[in-house]
Amino acid sequence: MSSVLETAYEQMQGRVGEQTSRSEWFEVTQDRINDYADVSMDHQWIHVDVDRANKESPFGAPIAHGNLTLAIMGHLPMASVAEGPKLEGQKLGINYGFDRIRFPSPVPVGTKVRATSTLKRVEIKGGMLETMNEVVVEAQGTDKPVCVAESLGRMVF
């Protein structure tokens, strides 16, 4: 194992339990929901039929796709740290997947969301550092999160 990787591991171990980022508020618009429906080919009325969703949906409005919330979640924490420092010798970071994802509450159109990320685990895997961050996406003005996910990343040195 290289000394660069060992040093990075020690630095990251010291950050376990720390909140690593909190994003700015981001509005989920009907246009974004419609665009996602086109990309995902999921045109279920609860997402894209505004009139019907306003009348028939238990939420009183169209809601974002759960996977749209997940896709936005990947952007939100990074938006606040995109220019932040990398670890010495780090060449790139890779999205490695998720251990667990839950959508406890819907995201009605017009909702502003933000994400908070907390480093929960760091391991050396295959000559890389694997991190697990708990990412919580909250909706402005509510107590219940709209998404909670354990996001895995790998740092390449």
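The values are calculated or read from the model by the stated rules, or taken from the named source; none is laboratory data. Source: prediction; values computed, not measured. When we count neighbours, we look across all protein chains shown, and the Cβ atoms used for this are built from the backbone with ideal geometry, even at glycine.
Key figures
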quantity	calculated
Residue identified as more than 19 Å from S23 (Cβ to Cβ), at pLDDT below 95, in contact with a strand residue (DSSP E or B) (Cβ under 8 Å, 6 or more places away or on another chain) and β-branched (V, I, T) among I124, I94	I94
Those residues of region 137-149 which are surrounded by fewer than 20 Cβ atoms within 10 Å (Cβ to Cβ) and either touching a helix residue (DSSP H, G or I) at 6+ places or on another chain (Cβ under 9 Å) or not aliphatic (A, V, I, L, M) (or both), in sequence order	Q140, G141, T142, D143, K144, P145
Single unsatisfied condition, D143 versus (1) among the charged types (D, E, K, R); (2) out of contact with any strand residue (DSSP E or B) (no Cβ under 7 Å at 6 or more places or on another chain); (3) in a strand (DSSP E or B)	(3)
Residue in region 140-148 that is at pLDDT 95 or above and under 21 Å from R15 (Cα atoms) present	yes
Subset of region 88-135 [out of contact with any Gly (no Cβ under 6 Å at 6 or more places or on another chain), of a type in the set (V, I, T) and either crowded, with 18+ Cβ neighbours inside 10 Å or in contact (Cβ under 8 Å) with a residue 60 or more places away in the chain (or both)]	I94, V107, V109, T111, V113, T116, T118, V122, I124, V135
Options P85, P77; residue that is out of contact with any Pro (no Cβ under 6 Å at 6 or more places or on another chain), at pLDDT below 95 and exposed (fewer than 14 other Cβ atoms within 10 Å of the Cβ)	P85
Filter result for M41 (modelled with pLDDT of 90 or more and on the phi > 0 side of the Ramachandran plot)	yes
